[in-house]
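The values are calculated or read from the model by the stated rules, or taken from the named source; none is laboratory data. Computed from a predicted structure; not experimentally measured. Don't worry about glycine lacking a Cβ; one is built from the backbone with ideal geometry, like all the others, and counts go over all protein chains shown. Accessible surface is based on the protein model in full, side chains and every heavy atom, while ligands, DNA and RNA are left aside. Shrake-Rupley method; radii C 1.70, N 1.55, O 1.52, S 1.80 Å.
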Amino acid sequence: MGDIKIDFSHAGVKFTDEIKRKAEAANNLLSDGGGKGSDFLGWAQLPLRIQDIPVDEINETAHLLQKECDVVVVVGIGGSYLGARAVIEALSDPFDMLKKDRQHPIILYAGHNMSEDYLFELQSFLRNRKFGIICISKSGTTTETALAFRLLKKQCEEQRGKAEAKDVIVAITDAKRGAARAAADKEGYKTFVIPDNVGGRFSVLTPVGLLPIACAGFDIKALVNGAADMEKATAPSVPFAENIAAQYAAVRNALYTEKGKKIEIMVNYQPKLHFIAEWWKQLYGESEGKEHKGIFPASCDFTTDLHSMGQWIQEGERSIFETVISVEQPAKKLLFPNDDENLDGLNFLAGKRVDEVNKMAELGTLLAHVDGGVPNIRISVPELNEYYIGQLIYFFEIGCGISGNVLGVNPFNQPGVEAYKKNMFALLDKPGYEAESKAIKERLK
Ligand code: PA5
């Protein structure tokens, strides 16, 4: 079995002794717990401790939900939602949910916004359908999640009756604390625990990500095995010259601090990877954007966005670099046909695989963007399956931990997320927010 590989030859960064030393020291901090936020390092050794992950129990629960439900709604936000969606969409046939003979439940999402239209339309779709709920919240108090869960729980109970509904509602939350834990214990839901030492955005290889992924019909053992192999390959004992996570962290920090590249664009050429980039944006944005520092993580789906953002990337402000995820081997084969009339002039492509055209677009774009002053990092993934996605997930997680340590911030907290919540609660007159409420209303007069 191959591995994901990374090519820095177009990044324009030299691996100096200083860069290597910083990345290696930052990686050591993750294994010896000497860095900032060391209470939240549980994810770093998790894949190789597969015995700590209740894989069989997760699969059993997934089978039960698959048997009882045509639709499973995953209710959660941020780290309690994006990892599962990223993996499921990367591995799924996007048209599967339209097929009558599909093998597994449709997976839908809620609790990741507070749109009345979204929730209304979701509830309308679920009317008279056999649906179950996986409610995920580490704190158990997140407004978006709690709001969607209350609506869907009520609907599920009305449609199935309370006793049956209880068997298709699963809660993934803290072992003891929080409203979700209290509700799950009172109602008798099946529950899984989010370990204390694993933060939301690093939780995809816990039940948070694994239960929805298993429900969608994917092999979670293979996913964890891929992550475990990447854990070995990126351990601090692996020399810098072979350690792709330390190299990635070193290069992106050098681009940021030495070359003024403030924005990293995660690029894919496979629409299935759109949500891998969404997950990555949260991982890096929430981990590094602190103390008025941090690379801004952005993303583009190519070639789609070459027809919208391509101009900016080619000729806009030179503050960006690109990290491209390139999939070597597509899962399906499609040859471009010959056409006798050749009205579109595309017969020169006849007999070629569509992927070959896509790959030449990728290569042509790489050269054009590098010529235009956009450094390029290229991650190549042999194919889209559970094993390689597992590798990719752990690679980005460990790369993020190392990178945050190189930057000198605490990569495992997110204090800035509270500011909007405080204002929202004050504006909604939440009990306990009386002083804030008065102050904010004065300010808005
Ligand atoms: O990474 C994080 O910690 C956040 O994105 C959280 O996962 C997100 O805010 C949801 O929090 P919770 O799981 O407590 O509902």
If I build a Gaussian network model for the chain, linking alpha-carbon pairs within less than 10 angstrom, which residue out of D167, D32, D344 has the largest mean-square fluctuation? D344
How much of the DSSP beta bridge set in the chain is antiparallel, as a percent to the nearest 5? 15
What's the Kirkwood radius of region 148-272 in Å, using all Cα pairs? 18.5
Rounded to the nearest 20 debye, dipole of the chain from Cβ charges on Lys, Arg, Asp, Glu: 1300
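So for region 34-75, considering every pair of alpha-carbon atoms, how many percent are separated by more than 16 Å?
Working: 506 of 861 pairs.
So the portion of pairs separated by more than 16 Å is 59 percent.
With both partners inside region 301-397, how many of the DSSP beta bridges are antiparallel, as a percent to the nearest 5?
In region 301-397, DSSP labels about 10 percent of beta bridges as antiparallel.
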Heavy-atom accessible area per residue, region 210-269, 1.4 Å probe: how many Å²? 30
Give me the dipole magnitude in Debye, nearest 20, for region 304-389 about the Cα centre, with unit charges on the beta carbon: positive for Lys and Arg, negative for Asp and Glu. 260
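If you wrap a convex hull around the alpha carbons of region 1-58, what volume per residue comes out, as a whole number of Å³?
Normalising the Cα hull of region 1-58 by residue number yields 164 Å³.
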Pair-distance profile P(r), taking every C-alpha pair of region 379-421, with 10 angstrom steps and integer %: 24, 33, 29, 14, 1
As straight-line cross-link partners of K352, the qualifying aspartates and glutamates (C-alpha separation under 15 Å, not fewer than 8 residues apart within one chain) are D339
Contact order normalised by residue count of region 360-440, Cα under 8 Å, 6+ apart, percent: 12
Using a Förster radius of 22 Å, what is the FRET efficiency between M424 and F296 based on their Cβ-Cβ separation? Nearest 0.05, please. 0.40
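From the convex hull of the Cα coordinates of region 256-374, what is the mean projected area in square nanometres?
Computed as one quarter of the Cα hull surface, the answer is 9.0 nm².
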Give me, ordered by chain and number, the residues 5 or more places off V324 or on other chains with an amide H under 5 Å from its own placed amide H. V267, I377, R378, I379
In region 75-204, what percentage of the DSSP-assigned beta bridges are antiparallel, given to the nearest 5? 0
Carbon and sulfur atoms account, in whole percent of the 1.4 Å probe accessible area of region 144-183, for 59
Hey, what D do you get for region 308-435 in µm²/s if you plug the Kirkwood alpha-carbon radius into Stokes-Einstein at 20 °C and 1.002 mPa s? 109
Given the options I325, I50, I295, state which has the largest fluctuation in a GNM of the chain using a 10 Å cut-off (strictly under) for Cα springs. I50
I'd like the carbon and sulfur percentage of the solvent accessible area for region 202-282, probe radius 1.4 Å, heavy atoms only, ligands and nucleic acids excluded. 54
Ignoring ligands, DNA and RNA, what percent of the accessible area of region 14-111 is carbon or sulfur (1.4 Å)? 51
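First select every other residue whose beta carbon is under 12 angstrom from the beta carbon of L46; then total the charges, Lys and Arg +1, Asp and Glu -1.
Here the charged neighbours net out to -2.
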Pick from G42, G79, G209 the residue whose mean-square fluctuation is largest in a GNM of the chain, springs joining Cα atoms under 10 Å. G42
Charge dipole (debye, nearest 20) of region 38-139; +1 at Cβ of Lys and Arg, -1 at Cβ of Asp and Glu: 200
With contacts defined as alpha carbon pairs under 8 Å and 6 or more residues apart, what's the relative contact order of the chain in percent? 23
On each of the three principal axes the extent of the alpha-carbon atoms of the chain, given in whole Å and largest first, is 60, 60, 55
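How would you order 143-153, 346-356, 11-21 from highest to lowest mean count of nearby Cβ atoms within 10 Å?
Working: 143-153: 20.2, 346-356: 13.5, 11-21: 15.2.
Order by mean packing, descending: 143-153, 11-21, 346-356.
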In a Debye calculation with equal point scatterers on the alpha-carbon sites of region 5-118 and no solvent, what is log10 I(q)/I(0) at q = 0.10, 0.15 Å⁻¹? -0.57, -0.98
